[in-house]
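K.L.:
Please see the structure below; I have some questions.
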Amino acid sequence: MNILFRGGRVFTPDGVVAEAVLMRGGVIAAVGPEGELARGPHETVDLDGGLLVPGFTDAHMHPIQAGLERAKCDLSEDFGLDAYKEKIADYAAKNPEKEWIDGGGWDMSAFPGGLPHRDHLGFLDRPAYLIQRDHHAAWVNTRALERAGITRDTPDPADGRIERDANGEPTGVLHEGAMDLVGLLTPRPTAQDLQDALADAERHLFSLGVTGWQDAIVGSYAGSDDPLPTYLAAARSGRLRARVVGALWWDRTRGLEQIEDLVARRASAEGLERFRATSVKIMQDGITENFTAATLEPYCLCGGTGLSYVDPAKLKEYVAELDRLGFQVHFHAIGERAVREALDSLEGTDPANRHHIAHLQIIEPSDVPRFAALGVTANLQPLWATHHAQMDELTLPYLGEPRSSWQYPFADLVACGTRLCAGSDWPVSDADPLQGMHVAVNRTEPGGSVHAGYPTAQTPFLPEQRIDLATVMTAYTEGSAWINRSPAGRIEPGRPADLVVLDRDPFELPPGDIWTTRVRMTFVDGEAVYERA
């Protein structure tokens with residue numbers, strides 16, 4: 001089948017220059033003037049003044065976890081204790097058969113000091129386990145603590161912390177590795193639940209123009225279930241349509257001995273068209289708001305310099321062996337010390353393996369040029385780079401200056417010649433790439449955000465770190481596809497017709513209106529997988 005996309009503009013590697021694209025047999029056949037491409041039989045998709053772009057690839061997300069959470073007690077569209085309690089009570093009433101009330105999506109900034117309390121859930125007649133939006137903590141009630149046997153005498157795990165009051169009693173917040181103390185007791189989803197979650201997530205992502213992604217945790221973490229069997233089954237059956245790479249989880253309680261397992265897990269996906277397990281995810285630290293992000297200097301107000309989950313003295317050895325075996329290394333690094341430790345470990349590795357560091361909240365300025373020098377890609381999550389309650393009320397006071405001004409230095413990375421890719425960390429934040437692009441260009445909250453009404457939400461956050469729309473759109477398309485070794489990501493002849501029709505041309509909008517752009521249609525291999533009603 002031949003399809004001619006016409007009536008708008010096209011985002012190509014040379015910019016927004018073309019006016020039509022001809023697709024033949026699921027592959028882009030030609031790009032250029034409409035008059036030259038319209039010869040011969042074809043169907044037509046009228047862009048109606050919108051923009052045709054490559055399918056977006058999200059370089060860091062957790063879709064199966066997101067799909068599971070969407071089917072549980074989902075707090076991600078609410079904000080504030082009263083709203084959370086109402087949603088939780090409604091969910092409990094509608095699901096009387098459930099042994100646990102589980103789900104997540106609560107925001108730290110909704111609570112004083114970022115911490116809910118077990119007493120807030122005292123109205124429940126069952127244990128509750130609710131994961132924080134950032135997935136670095138869980139909010140549990142007294143029944144859950146009792147079920148897990150957690151008391152004032154329970155020691156903190158090496159990679160986490162039980163939040164306690166002044167008397168040493170657990171308050172109902174479990175940070176990082178401590179989440180497993182309760183999370184592993186919650187009911188496990190069935191294989192069908194996991195398949196349904198993946199299918200739901202893929203439908204949602206297609207509606208946002210996302211045609212490929214890298215799942216940033218393919219393994220078991222914080223009570224989650226390993227998504228590898230789900231991906232393998234979906235890819236083998238043909239149900240998986242998106243182009244996916246799984247980042248295999250590096251177990252920080254183990255060392256080099258786990259690499260044999262990682263090699264076997266990678267081999268299990270060999271020969272599959274839609275899924276490969278060629279990356280390894282190393283989570284080097286936590287987050288700033290609970291003081292687990294690894295910093296060079298102590299946090300203000302509370303002291304401490306966070307956690308390095310993998311011993312930096314051993315990290316270089318681990319990374320060197322993964323690199324030798326052809327794995328891509330995908331780092332989580334939030335604090336400036338974690339970023340430096342990741343960069344140090346990547347010294348001397350092969351840039352052809354396309355290593356990347358995600359999140360990059362704080363980068364000490366002298367480390368910014370090292371990305372390009374080492375051939376390391378910066379994996380941006382742009383949505384976080386705004387003034388919102390968590391940033392203004394928790395992060396900035398804890399970081400102080402000059403560290404606060406080192407956050408999300410997108411423009412500095414670009415100026416140094418760093419290759420960019422981009423993602424959302426969904427369900428931590430919205431999966432819509434266009435919202436992320438809005439933030440990268442404006443450094444303000446998108447108008448539809450739950451934080452848009454915050455007093456400083458429209459005050460640009462470190463505006464000198466803005467980047468232009470073409471740069472960030474390239475990160476979400478070509479940049480992230482390159483990270484995944486995907487053949488998509490560019491609109492040029494010979495590439496798969498993974499294409500997205502936007503309802504307007506964001507390059508012709510005032511920058512503050514980029515967030516209003518929506519997806520009209522999404523194509524994978526030339527087949528429409530989403531069309532807005």
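K.L.:
Looking for something out of contact with any Pro (no Cβ under 8 Å at 6 or more places or on another chain) and at pLDDT below 95 - is there at least one such residue anywhere in the stretch 511-525?
P.N.:
No: zero hits.
K.L.:
Would you confirm whether or not the stretch 503-518 contains a residue that is crowded, with 18+ Cβ neighbours inside 10 Å, assigned to a strand (DSSP E or B) and either out of contact with any His (no Cβ under 6 Å at 6 or more places or on another chain) or of a type in the set (Ser, Thr, Tyr) (or both)?
P.N.:
no
K.L.:
While we're here: Would you point out which residue out of ILE287, ILE334 is farther than 19 Å from ARG164 by Cα and β-branched (Val, Ile, Thr)?
P.N.:
Of ILE287, ILE334, the one residue that is farther than 19 Å from ARG164 by Cα and β-branched (Val, Ile, Thr) is ILE334.
K.L.:
Also, I was wondering about something else. Condition first: without any contact (Cβ under 8 Å) to a residue 60 or more places away in the chain and at negative phi. Now tell me which residues in the stretch 416-444 satisfy that. Walk me through how you get there before you give the answer.
P.N.:
Narrowing the stretch 416-444 to residues without any contact (Cβ under 8 Å) to a residue 60 or more places away in the chain: 416-418, 420, 430, 436, 439, 443.
Those that are without any contact (Cβ under 8 Å) to a residue 60 or more places away in the chain and at negative phi: CYS416, THR418, LEU420, ASP430, GLY436, VAL439.
K.L.:
Return the residues of the stretch 163-177 that are in contact (Cβ under 8 Å) with a residue 12 or more places away in the chain and assigned to a loop (DSSP other than H, G, I, E, B); say none if nothing qualifies.
P.N.:
Result: ASN167, GLY168, GLU169.
K.L.:
How many residues does the stretch 1-18 hold that are at pLDDT 95 or above and in a loop (DSSP other than H, G, I, E, B)? Break it down into steps so the answer makes sense when it comes.
P.N.:
So the first thing to find is which residues in the stretch 1-18 are at pLDDT 95 or above, and the list is 3-11.
So of that shortlist, the ones also in a loop (DSSP other than H, G, I, E, B) come out as 7-8.
Final tally of qualifying residues: 2.
K.L.:
Please go through the stretch 149-182 and give me each residue that is surrounded by 21 or more Cβ atoms within 10 Å (Cβ to Cβ) and over 23 Å from SER308 (Cβ atoms), ordered by number.
P.N.:
Answer for the stretch 149-182, where residues must be surrounded by 21 or more Cβ atoms within 10 Å (Cβ to Cβ) and over 23 Å from SER308 (Cβ atoms): PRO170, GLY172, VAL182.
K.L.:
Any idea which of THR444, THR459 is among the β-branched types (Val, Ile, Thr), in contact with a Pro (Cβ under 9 Å, 6 or more places away or on another chain) and modelled with pLDDT of 95 or more?
P.N.:
Values: THR459 fails: in contact with a Pro (Cβ under 9 Å, 6 or more places away or on another chain).
So the residue among THR444, THR459 that is among the β-branched types (Val, Ile, Thr), in contact with a Pro (Cβ under 9 Å, 6 or more places away or on another chain) and modelled with pLDDT of 95 or more is THR444.
K.L.:
Of all residues in the stretch 186-210 being farther than 30 Å from MET521 by Cα and in contact with a strand residue (DSSP E or B) (Cβ under 8 Å, 6 or more places away or on another chain), which is surrounded by the fewest Cβ atoms within 10 Å (Cβ to Cβ)? Steps first, answer last, please.
P.N.:
To start, the set of residues in the stretch 186-210 that are farther than 30 Å from MET521 by Cα comprises 186-191.
Next, from what is left, pick out any that are in contact with a strand residue (DSSP E or B) (Cβ under 8 Å, 6 or more places away or on another chain): 186-187.
Values: THR186: 20, PRO187: 11.
Checked the stretch 186-210; the qualifying residue surrounded by the fewest Cβ atoms within 10 Å (Cβ to Cβ) is PRO187.
K.L.:
Could you list, in sequence order, all residues of the stretch 117-162 that are in contact (Cβ under 8 Å) with a residue 60 or more places away in the chain and either among the charged types (D, E, K, R) or in contact with a Cys (Cβ under 9 Å, 6 or more places away or on another chain) (or both)?
P.N.:
Listed by number, the residues that qualify are ARG133, ASP134, ASP159, ARG161.
K.L.:
Using beta carbons and a limit of 6 Å, which pairs, at least six apart or on different chains, have the first residue in the stretch 476-491 and surrounded by 24 or more Cβ atoms within 10 Å (Cβ to Cβ) and the second one assigned to a helix (DSSP H, G or I)?
P.N.:
TYR476/PRO433; ALA488/ALA481; GLY489/THR477; GLY489/GLU478; GLY489/ALA481
K.L.:
Looking only at residues in the stretch 280-335 that are of a type in the set (Asp, Glu) and closer than 16 Å to ARG403 by Cα, which one is modelled with the highest pLDDT?
P.N.:
Here is the first cut: in the stretch 280-335, the residues of a type in the set (Asp, Glu) are 285, 289, 297, 311, 317, 321, 323.
In the following step, the residues that additionally are closer than 16 Å to ARG403 by Cα were identified as 289, 297.
Values: GLU289: 87, GLU297: 97.
Checking each candidate, the answer is GLU297.
K.L.:
Among the residues of the stretch 496-533 satisfying the criterion of being out of contact with any Lys or Arg (no Cβ under 9 Å at 6 or more places or on another chain) and of a type in the set (Val, Ile, Thr), which is nearest to ARG24 (Cα to Cα)?
P.N.:
THR522
K.L.:
For the stretch 519-530, give me the residue count where each residue is of a type in the set (Asp, Glu) and part of a strand (DSSP E or B).
P.N.:
Filtering the stretch 519-530 down to residues of a type in the set (Asp, Glu) leaves 525, 527.
Going one step further and asking which of them are part of a strand (DSSP E or B), we end up with 527.
Residues flagged as of a type in the set (Asp, Glu) and part of a strand (DSSP E or B) within the stretch 519-530 amount to 1.
K.L.:
Does the stretch 244-267 contain at least one residue that is within 24 Å of ALA372 (Cβ to Cβ), in contact with a strand residue (DSSP E or B) (Cβ under 8 Å, 6 or more places away or on another chain) and surrounded by fewer than 24 Cβ atoms within 10 Å (Cβ to Cβ)?
P.N.:
The answer is no, given that none of the residues of the stretch 244-267 is within 24 Å of ALA372 (Cβ to Cβ), in contact with a strand residue (DSSP E or B) (Cβ under 8 Å, 6 or more places away or on another chain) and surrounded by fewer than 24 Cβ atoms within 10 Å (Cβ to Cβ).
K.L.:
Kindly establish whether TYR476 is touching a strand residue (DSSP E or B) at 6+ places or on another chain (Cβ under 6 Å), of a type in the set (Ser, Thr, Tyr) and in a helix (DSSP H, G or I).
P.N.:
Working: touching a strand residue (DSSP E or B) at 6+ places or on another chain (Cβ under 6 Å): yes; of a type in the set (Ser, Thr, Tyr): yes; in a helix (DSSP H, G or I): yes.
When the stated conditions are applied, TYR476 passes them.
K.L.:
PRO510 is checked against (1) over 21 Å from SER424 (Cα atoms); (2) in the same structural domain as THR377 (by TED's automatic domain parsing) and fails just one. What number does that condition carry?
P.N.:
Among (1) over 21 Å from SER424 (Cα atoms); (2) in the same structural domain as THR377 (by TED's automatic domain parsing), PRO510 violates only (2).
K.L.:
Return only the number of the condition from (1) free of Cβ contacts under 8 Å to residues at least 60 places away in the same chain; (2) farther than 24 Å from GLU478 by Cα; (3) surrounded by fewer than 19 Cβ atoms within 10 Å (Cβ to Cβ) that PRO33 does not satisfy.
P.N.:
With respect to (1) free of Cβ contacts under 8 Å to residues at least 60 places away in the same chain; (2) farther than 24 Å from GLU478 by Cα; (3) surrounded by fewer than 19 Cβ atoms within 10 Å (Cβ to Cβ), PRO33 is out only on (2).
The values are calculated or read from the model by the stated rules, or taken from the named source; none is laboratory data. Worth saying up front: this structure is predicted, and the values here are computed from it rather than measured. Methodologically, a virtual Cβ is constructed for each residue, glycine included, from the backbone with ideal geometry; neighbour enumeration extends over all protein chains shown.
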